[in-house]
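The values are calculated or read from the model by the stated rules, or taken from the named source; none is laboratory data. Since we're looking at a predicted model, the values are computed, not measured. Glycine gets a Cβ as well: all are built from the backbone with ideal geometry, and neighbour counts include every protein chain shown.
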Amino acid sequence: MKQQYDLIIIGGGMVGASLACALLPAADQLGLSIAVVETHPLPDGPLSYTPSYDARATALAYGSRASYQQMGVWEMLSEHLTPIQHIHVSDKGRFGVTRLHAEQEQVEALGYVVENHWLGRVLLDRLHHSDAMRHVDFICPAEVTALQPQPGHMEVTLYQGEQQHQLRAELVVMADGGRSSLREQLGIHYRTERYQQHAIVTNVSPEQPHGGIAYERFTDTGPMALLPLEDQGGLHRCGLVWTVADEQLDEVLALDDDAFIRRLHERFGYRAGRFVRVGERHHYPLKLMLAEEQVRANLVVLGNAAHALHPIAGQGYNLALRGVVALAGQLITARSEGTSLGDLAMLQQFYDERVNDQQRTIGFSDYTMKLFSSHNPLLGLGRDIGLQLLEICPPAKTLFARSAMGLDSPAPDLKRKGY
Ligand SMILES: Cc1cc2nc3c(=O)[nH]c(=O)nc-3n(C[C@H](O)[C@H](O)[C@H](O)COP(=O)(O)OP(=O)(O)OC[C@H]3O[C@@H](n4cnc5c(N)ncnc54)[C@H](O)[C@@H]3O)c2cc1C
């Protein structure tokens, strides 16, 4: 194993792998050496893709497409994407409804739904091309256990099995997710707020085709989202994210499939048709987490390690992806100008340029969640009026749609940097 890299990325999840891919177009010209360290073994090698009814999925904002195009993975990714043609937002038991349509907004789709394991496979496939392997070592399974700041670089301790290795890099990017133990070691503090809610995530089959409609439904126990997915085994499929209060979680999880579907219809109604099957159920505690420090000399905290937000608006990964492309752009410029990748002033500039987008996106998710979970009748009336105003006022709807599509804070254009 090499001991020295320009950049070591801790975590080969959706964010860490995306950052390595975003740097690849410039890697040859700039002579970059990158290591991605990932704890979880790749199940059957990077190129495996086995369709599964129960695959978890992520809604990609329309604006994220440009990021994947810049990485050179869009064409492959689009082989298994489901375009969102319409978004239907409603408030259970109230009159407020609004609908967004791709055609009205003059875009090919309002967003896309991708199964996480397909996205993972596309990114890893890119990193295992021969041109990429000259620049990127994917060290896996291996775990980083310690980071030691040194003048001008970061020392990284990792274990591959029983074997300990000492690596060093100008820059270490922590893309190690929301449960990072390294951040405690480094004394990075977080703003944390528990929502006292869990998300139950599963796939369901409606009797009728989903028609490319994504539903966002607010209920008095929390919001639910239904995302269109590829059909499988002759069944139509949608991804369900159902938010329940903590105290309801065990009861809802214990329901048998028929009872679960009945309860789902009680909350969601029949606007997507009758559900005939439900898959494996997974659940996640929901909280807002924001790292108070995201850059230090030779260190960047990225993705879920930097911010975790309520999945209500499907923005967590989209926000992280904009950060990924912005960081790649900043590092490419720094390297071209002969600046160290770990230079604090340069990293601080990256962070300063990201902070508005982070605050706006996190604030929007947090505010929407609280507004739509409130039992206050006046706020309820305000929600209804807001949704109806959106419905009848096309310019306001377009502003809302642009925000949901991630178009009001586009990622920087790496091509303008000449790569
Ligand atoms: C219910 C739910 C629904 C969501 N839906 C959406 C959506 O529709 N749209 C959207 O944009 N976002 C969505 N999100 C958010 C999205 O899932 C996250 O933003 C995304 O998964 C973050 O990816 P990550 O790579 O930062 O972290 P992770 O996916 O957690 O990856 C971290 C990686 O680091 C590795 N790792 C950890 N520690 C170490 C170590 N010490 N050494 C080596 N490797 C290590 C782990 O094995 C892991 O692979 C949703 C989230 C939830 C909970």
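Worth pointing out:
- Exclusive hit being touching a residue at least 40 places away in the same chain (Cβ under 8 Å) and either within 12 Å of the ligand (Cβ to nearest atom) or not β-branched (Val, Ile, Thr) (or both), set Ala291, Ala254: Ala291
- Scan segment 199-214 for residues that are within 15 Å of the ligand (Cβ to nearest atom) and either modelled with pLDDT under 95 or part of a loop (DSSP other than H, G, I, E, B) (or both) and the total you get is 2.
- Under the condition of being in contact with a Ser or Thr (Cβ under 9 Å, 6 or more places away or on another chain), closer than 17 Å to Ala102 by Cβ and surrounded by fewer than 22 Cβ atoms within 10 Å (Cβ to Cβ), the residues counted in segment 190-226 number 2.
- Residue in segment 70-78 that is within 19 Å of the chain's Cα centre (by Cα), among the β-branched types (Val, Ile, Thr) and outside any loop (DSSP other than H, G, I, E, B) present: no
- Any hit, segment 164-180, residues being without any contact (Cβ under 8 Å) to a residue 60 or more places away in the chain and either surrounded by fewer than 22 Cβ atoms within 10 Å (Cβ to Cβ) or over 30 Å from Pro285 (Cβ atoms) (or both): yes
- In segment 330-349, the residues that are farther than 19 Å from Gln150 by Cβ form Cβ pairs under 9 Å with partners that are in a helix (DSSP H, G or I) and among the basic types (Lys, Arg), at six or more places apart or across chains, as follows: Ile332/Lys417; Thr333/Lys417; Ser336/Lys417.
- The single condition among (1) at pLDDT 85 or above; (2) touching a Leu at 6+ places or on another chain (Cβ under 9 Å); (3) within 16 Å of the ligand (Cβ to nearest atom) that Arg322 does not satisfy is (2).
- Counting the residues of segment 294-314 that are crowded, with 22+ Cβ neighbours inside 10 Å, closer than 30 Å to Leu341 by Cβ and either within 11 Å of the ligand (Cβ to nearest atom) or charged (D, E, K, R) (or both) gives 9.
- Selection of segment 322-346 for residues being in contact with a strand residue (DSSP E or B) (Cβ under 7 Å, 6 or more places away or on another chain) and part of a loop (DSSP other than H, G, I, E, B) yields Ser340, Leu341, Gly342.
- Leading residue by the ranking (nearest to the chain's Cα centre (by Cα)) among those in segment 49-69 that are polar (S, T, N, Q) and within 16 Å of the ligand (Cβ to nearest atom): Thr58
- Annotation note: Cβ proximity below 6 Å between a residue of segment 296-315 that is more than 17 Å from Ala17 (Cα to Cα) and a residue that is assigned to a loop (DSSP other than H, G, I, E, B) and within 8 Å of the ligand (Cβ to nearest atom) (sequence gap 6+ or interchain) occurs for Ala308/Gly178.
Okay, residues lined up against (1) part of a helix (DSSP H, G or I); (2) surrounded by 16 or more Cβ atoms within 10 Å (Cβ to Cβ):
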{"position": "Pro228", "(1), (2)": "no, yes"}
{"position": "Leu240", "(1), (2)": "no, yes"}
{"position": "Thr243", "(1), (2)": "no, yes"}
{"position": "Leu249", "(1), (2)": "yes, yes"}
{"position": "Phe260", "(1), (2)": "yes, yes"}
{"position": "Leu264", "(1), (2)": "yes, yes"}
{"position": "Val276", "(1), (2)": "no, no"}
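- Members of segment 302-353 found to be among the charged types (D, E, K, R) and over 21 Å from Asp176 (Cβ atoms), listed by number: Arg335, Glu337, Asp343, Asp352, Glu353
A quick yes/no check of all residues on (1) within 9 Å of the ligand (Cβ to nearest atom); (2) farther than 17 Å from Leu344 by Cβ; (3) not hydrophobic (A, V, I, L, M, F, W, C):
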residue	(1), (2), (3)
Pro141	yes, yes, yes
Met154	no, no, no
Gln164	no, yes, yes
Asp176	yes, yes, yes
Arg183	no, yes, yes
Ile188	no, no, no
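- Selected residue (only one of Ala55, Ala59, Ala26, Ala35 is part of a helix (DSSP H, G or I), touching a residue at least 40 places away in the same chain (Cβ under 8 Å) and among the aliphatic types (A, V, I, L, M)): Ala26
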